[in-house]
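To keep things clear, I will list the structure first and then write my remarks on it.
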Amino acid sequence: QAKAAGRNNVRWFHRSMLDETNDRVSLTSALRQALAAGELSLDYQPQVDLATGEVTGFEALARWHSAEHGAVGPDRFIPVAEDSGMIVPLGGWVLRQACRDMVEIQRALGRPFHLAVNVSPRQVHSSGWLDEIVDALKSSGLDASQLELEITEGILMDERWGVTGILQAIRDLGVKIVIDDFGRGYSSLAYLTRFPIDKLKIDRSFVHDLGGEDPQAPIVDAIIVMAHALGLTVVAEGVESPRQITYLRQRDCDEAQGYYFSPGVSADEVLRTVRRVETR
Ligand code: C2E
Ligand code: MG
Ligand code: MG
Ligand code: MG
């Protein structure tokens with residue numbers, strides 16, 4: 001009996017591995033065509049100034065509606081794009097499209113916003129990246145000071161990459177560098193002064209229970225104080241409740257982003273979303 005069950009387990013194990021591999025292979029080939037087929041789009045999630053309640057910017061979030069696979073979330077297709085190297089053309093498209101959209105949005109709303117774009121490690125390392133940024137700004141007309149590139153701690157921890165020079169060159173353009181998911185990763189605090197950084201985005205795992213009896217609250221307090229002492233702006237991600245907002249506001253957190261205000265919405269819905277967020 002036990003033996004049979006054991007064999008079964010082994011078979012199931014192989015089965016699910018195989019399914020996963022097949023899934024990856026077919027996602028990879030579908031993703032290869034997704035860009036050309038126009039299956040990728042961008043949503044924009046508002047970021048709100050906690051002192052004024054104004055929407056000050058947006059994070060561009062990639063979306064994929066695959067003819068073959070249906071809606072595939074970025075948590076599934078970004079890793080596939082990274083492993084296959086497709087993240088480089090995909091990330092280039094995201095950057096160009098987001099800059100273009102943001103100029104349109106600004107025209108429609110009659111005021112400037114900042115635009116946050118996520119960047120993968122492989123993009124930072126790819127040779128044409130700086131030129132792509134320059135091109136995206138130039139062809140869209142977006143001001144460099146409005147663009148924020150979100151990178152993760154892992155990029156900074158990998159010393160082989162000589163990433164300081166790249167980030168400095170980007171910053172010399174006037175573009176801002178944001179550490180996304182701050183506190184979730186390797187967290188060597190030394191890099192905060194070693195690299196040219198403008199902003200920390202507190203990972204939503206720290207934000208989740210704020211306002212109640214939250215053992216992690218002192219960490220959030222410390223991140224905010226430390227960031228300000230270093231001259232950095234702080235934004236909290238994953239804010240879902242008024243309690244969290246109240247807490248963050250009391251602690252002088254600069255900005256917040258999360259479902260409490262709005263999920264990501266299409267460029268068409270941005271105008272309505274801003275009105276709704278600012279009159280609530
Ligand atoms: P991220 O950069 O940390 O983006 C925030 C994620 O949290 C988004 O998920 C967003 O929809 C979600 N979120 C926002 N507010 C809330 C909230 O209040 N509660 C909760 N539970 N979640 C919230 P999404 O769009 O599924 O993106 C997942 C990740 O995929 C992003 O995490 C980012 O790392 C990556 N990603 C998305 N677009 C791109 C892209 O264009 N390029 C690259 N390289 N990565 C991207
Ligand atoms: Mg992000
Ligand atoms: Mg994040
Ligand atoms: Mg996060």
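The values are calculated or read from the model by the stated rules, or taken from the named source; none is laboratory data. Everything numeric here is computed off the predicted structure, so don't read it as measured data. Cβ coordinates were reconstructed from backbone atoms using ideal geometry, including for glycine residues, and neighbour counts include every protein chain displayed. Side chains included, ligands, DNA and RNA excluded: accessible areas come from the protein's heavy atoms. Shrake-Rupley method; radii C 1.70, N 1.55, O 1.52, S 1.80 Å.
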Failed item, numbered, when residue 80 is tested on (1) open to solvent by less than 30 Å² (accessible area, probe 1.4 Å); (2) touching a Lys or Arg at 6+ places or on another chain (Cβ under 7 Å); (3) within 10 Å of ligand 1 (Cβ to nearest atom): (3)
Residue within region 189-199 that is within 16 Å of ligand 4 (Cβ to nearest atom) and at pLDDT 95 or above present: yes
Extreme residue, farthest from ligand 3 (Cβ to nearest atom), among residues of region 172-198 that are within 21 Å of residue 240 (Cα to Cα) and either without any contact (Cβ under 8 Å) to a residue 12 or more places away in the chain or open to solvent by 10 Å² or more (accessible area, probe 1.4 Å) (or both): 183
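Could you say whether any residue in region 254-270 is over 21 Å from the mean Cα position of the chain (by Cα), open to solvent by 70 Å² or more (accessible area, probe 1.4 Å) and not β-branched (Val, Ile, Thr)?
First pass over region 254-270, keeping only residues over 21 Å from the mean Cα position of the chain (by Cα): none.
Looking for residues that are over 21 Å from the mean Cα position of the chain (by Cα), open to solvent by 70 Å² or more (accessible area, probe 1.4 Å) and not β-branched (Val, Ile, Thr), one finds none in region 254-270, hence no.
Could you please find all residues in region 137-155 being of a type in the set (A, V, I, L, M, F, W, C) and surrounded by 20 or more Cβ atoms within 10 Å (Cβ to Cβ)? Spell out how you get there, then give the answer.
The initial filter retains those residues of region 137-155 that are of a type in the set (A, V, I, L, M, F, W, C), namely 137, 142, 144, 147, 149, 151, 155.
Hits for region 137-155 are 137, 142, 147, 149, 151, 155.
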Residue check for residue 71: out of contact with any helix residue (DSSP H, G or I) (no Cβ under 9 Å at 6 or more places or on another chain) and part of a loop (DSSP other than H, G, I, E, B): no
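Could you tell me which of the residues 27, 90 is assigned to a helix (DSSP H, G or I), away from ligand 2 (no atom under 16 Å from the Cβ) and surrounded by 20 or more Cβ atoms within 10 Å (Cβ to Cβ)? Write out each step before concluding.
Numbers: 90 fails: away from ligand 2 (no atom under 16 Å from the Cβ).
Of 27, 90, the one residue that is assigned to a helix (DSSP H, G or I), away from ligand 2 (no atom under 16 Å from the Cβ) and surrounded by 20 or more Cβ atoms within 10 Å (Cβ to Cβ) is 27.
Residue by residue, here is whether (1) touching a Gly at 6+ places or on another chain (Cβ under 6 Å); (2) part of a loop (DSSP other than H, G, I, E, B); (3) within 25 Å of residue 236 (Cβ to Cβ) holds:
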position: 95; (1), (2), (3): no, no, yes
position: 122; (1), (2), (3): no, no, no
position: 127; (1), (2), (3): no, yes, no
position: 131; (1), (2), (3): no, no, no
position: 164; (1), (2), (3): no, no, no
position: 189; (1), (2), (3): no, yes, yes
